[in-house]
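The values are calculated or read from the model by the stated rules, or taken from the named source; none is laboratory data. Quick caveat: nothing in here was measured; it's all calculated off a predicted structure. With ideal geometry, Cβ positions are generated from the backbone for all residues, glycine too; neighbour counts draw on all protein chains shown. Areas reflect the complete protein model, heavy atoms only, side chains present, ligands, DNA and RNA absent. Shrake-Rupley method; radii C 1.70, N 1.55, O 1.52, S 1.80 Å.
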Amino acid sequence: MERPEAEPFGAGSPDSLPEDEPESPGSPAPPEEPGGAAADTMMDDCLLKKIEINVSEAEKRTGRNAMNMQETYTAYLIETRAVESQTEGQCSPPDSLWRRYSEFELLRNYMLATYSHIVVPPLPEKRAEFVWHKLSADNMDPDFVERRRIGLENYLLRVASHPVLCQDKIFYSFLTQEGGWKEMVNETGFQLKADSRLKALNATFRVKNPDKRFTELKHYSDELQSVISHLLRVRARVADRLYGVYKVHGNYGRVFSEWSAIEKEMGDGLQSAGHHMDVYAASIDDILEEEEHYADQLKEYLFYAEALRAVCRKHELMQYDLEMAVQDLTCKKQQCEELATGTVRTFSLKGMTSKLFGQETPEQREAKIKVLEEQIHDGEQQLKVKNLEGRDFVKSAWTDIERFKEQKNHDLKEALINYAVMQISMCKKGIQVWTNAKECFSKM
């Protein structure tokens with residue numbers, strides 16, 4: 001009997017397979033382009049085209065946790081309104097409900113387990129990272145809570161605009177059903193689908209024929225995370241120094257003001273110049289607050305890198321399961337052949353037992369061969385199912401990865417351009433301040 005091979009999903013050619021052998025993973029049909037007819041149809045059904053979604057408010061609350069201990073947490077008000085009512089000229093009040101951050105986490109964990117072939121949008125950070133020294137790292141800080149509110153709204157909009165995730169009933173219930181939602185999620189049994197970290201790590205090191213495309217994607221996600229982390233650290237250091245440079249201009253204002261008190265002809269000009277310096281020094285607070293929103297856009301893709309790795313880990317697990325199934329099937333075929341021919345190819349406990357206690361009777365061998373043949377038949381069927389599931393996974397995953405790449409390129413390009421525009425505007429304001437100061441000095 002020929003030994004079946006476990007190639008990576010999408011690596012082989014189905015035409016090269018011998019008859020009556022378990023099917024090796026063949027090349028899947030090319031995934032449909034995100035801009036194709038199927039994608040257009042799905043986007044027409046996009047939830048975001050049917051309802052408006054806003055996370056409009058954050059509220060600090062106190063309550064009891066699962067351990068019956070008092071805790072302080074932040075709740076977020078989600079408002080939804082049907083788009084149709086607005087197009088028809090009706091202004092109906094929005095439906096609203098409150099959700100905690102932990103409920104957003106539960107929703108995303110459900111999606112990760114249920115849609116393992118999708119690059120699931122990440123949540124904003126739970127605690128502030130890459131902060132400069134004047135920025136609070138407290139997760140209850142009002143400025144941080146406000147930025148997280150914006151991030152949670154962005155997360156909901158990402159999911160609501162995704163061609164697959166937006167159609168999920170659990171997601172729709174998250175937006176519209178306050179009571180009993182957690183029970184509904186848990187009843188799906190998504191925790192059973194979630195793969196353990198240990199199992200994923202085991203598959204990473206033991207898989208023999210990894211798919212080169214997923215290996216490269218995993219490497220890219222590591223590099224993307226590293227690059228964005230460095231960028232955010234540099235930005236935090238620049239923000240620290242920029243804050244100091246701006247604030248020290250306040251000293252100019254103080255000195256000019258003191259100087260104006262002892263001058264008669266030059267007093268008004270010095271006083272006005274000092275005022276411009278004070279305004280310049282105070283402007284850095286708003287500038288760095290605006291910068292934080294651009295930093296949050298970069299952080300989203302820092303966390304997206306982990307979502308990419310999650311898809312790669314799932315593929316490795318499926319490939320590993322396939323290889324284990326092929327290995328088990330090969331072993332059973334070898335046992336069946338040894339029983340049928342009476343020869344033992346390799347050293348085994350069975351061979352030693354036969355030498356010590358004598359050969360099995362023909363009836364015993366026939367019974368064992370029959371059991372093995374049934375197991376081989378079942379194994380071949382399971383292998384075909386695994387191959388089919390693997391092909392479907394690769395096709396669906398690469399369709400979504402291509403969609404994600406387009407989104408990433410567009411978003412990061414826009415964020416970097418806007419950040420550069422903001423820096424140019426900041427420099428122009430600095431030039432304007434010194435131009436105003438020059439005019440003040442000229443009038444003295």
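Residues that are farther than 26 Å from L372 by Cβ, surrounded by fewer than 16 Cβ atoms within 10 Å (Cβ to Cβ), among the small types (G, A, S) and modelled with pLDDT of 90 or more are absent from the range 302-309 altogether.
Looking across the range 415-433 at every residue that is free of Cβ contacts under 8 Å to residues at least 12 places away in the same chain and open to solvent by 100 Å² or more (accessible area, probe 1.4 Å), the one that is farthest from I287 (Cα to Cα) is identified as I431.
Quick one: which of S116, S102, S92 is in a helix (DSSP H, G or I) and either at pLDDT below 90 or open to solvent by 20 Å² or more (accessible area, probe 1.4 Å) (or both)? Quick ask: steps written out before the conclusion?
Numbers: S116 fails: in a helix (DSSP H, G or I); S92 fails: in a helix (DSSP H, G or I).
Exactly one residue qualifies, and that residue is S102.
Conditions (1) closer than 30 Å to G244 by Cβ; (2) without any contact (Cβ under 8 Å) to a residue 60 or more places away in the chain, marked per residue:
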site: D278; (1), (2): yes, yes
site: L298; (1), (2): yes, no
site: L302; (1), (2): yes, no
site: H315; (1), (2): no, no
site: L322; (1), (2): no, no
site: T330; (1), (2): no, no
site: K333; (1), (2): no, no
site: E337; (1), (2): no, no
site: T341; (1), (2): no, yes
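On the given criteria, is K314 modelled with pLDDT of 90 or more, out of contact with any Cys (no Cβ under 6 Å at 6 or more places or on another chain) and open to solvent by 30 Å² or more (accessible area, probe 1.4 Å)? Judged against the criteria, K314 is a match.
Listed by first and then second residue, the pairs with beta-carbon distance under 8 Å, at least 6 apart or on different chains, first residue in the range 174-191 and within 14 Å of M111 (Cβ to Cβ), second among the basic types (K, R) and surrounded by 12 or more Cβ atoms within 10 Å (Cβ to Cβ), are F174/R99.
Taking first residues from the range 400-411 that are in contact (Cβ under 8 Å) with a residue 60 or more places away in the chain and not assigned by TED's automatic domain parsing to the domain that holds V120 and partners that are open to solvent by less than 20 Å² (accessible area, probe 1.4 Å) and among the aliphatic types (A, V, I, L, M), the Cβ contacts under 6 Å between residues at least 6 apart in sequence or on separate chains come to D400/I118; D400/V119; F404/V119. Comparison of F256, F205 shows that the only residue that is within 30 Å of Q327 (Cα to Cα) and either surrounded by 15 or more Cβ atoms within 10 Å (Cβ to Cβ) or free of Cβ contacts under 8 Å to residues at least 12 places away in the same chain (or both) is F205.
Out of Q381, Q364, I need the residue that is more than 30 Å from E105 (Cβ to Cβ), at pLDDT 90 or above and not hydroxyl-bearing (S, T, Y). Which one?
Working: Q364 fails: at pLDDT 90 or above.
After applying the criteria, what remains is Q381.
Here is the figure for the range 208-242: residues that are basic (K, R), under 25 Å from E291 (Cα atoms) and crowded, with 16+ Cβ neighbours inside 10 Å total 1. Selection of the range 49-71 for residues being in a loop (DSSP other than H, G, I, E, B) and modelled with pLDDT under 85 yields N65, A66, M67, N68, M69. Taking the range 169-273 and the helices (runs of 4 or more DSSP H) fully enclosed by it, the elements with 1 or more residues that are in contact with a helix residue (DSSP H, G or I) (Cβ under 8 Å, 6 or more places away or on another chain) and either of a type in the set (A, V, I, L, M) or modelled with pLDDT of 90 or more (or both) are at 169-176, 181-187, 197-206, 212-260.
Going by what's in this entry, would K408 be described as among the charged types (D, E, K, R) and open to solvent by 60 Å² or more (accessible area, probe 1.4 Å)? In short, no.
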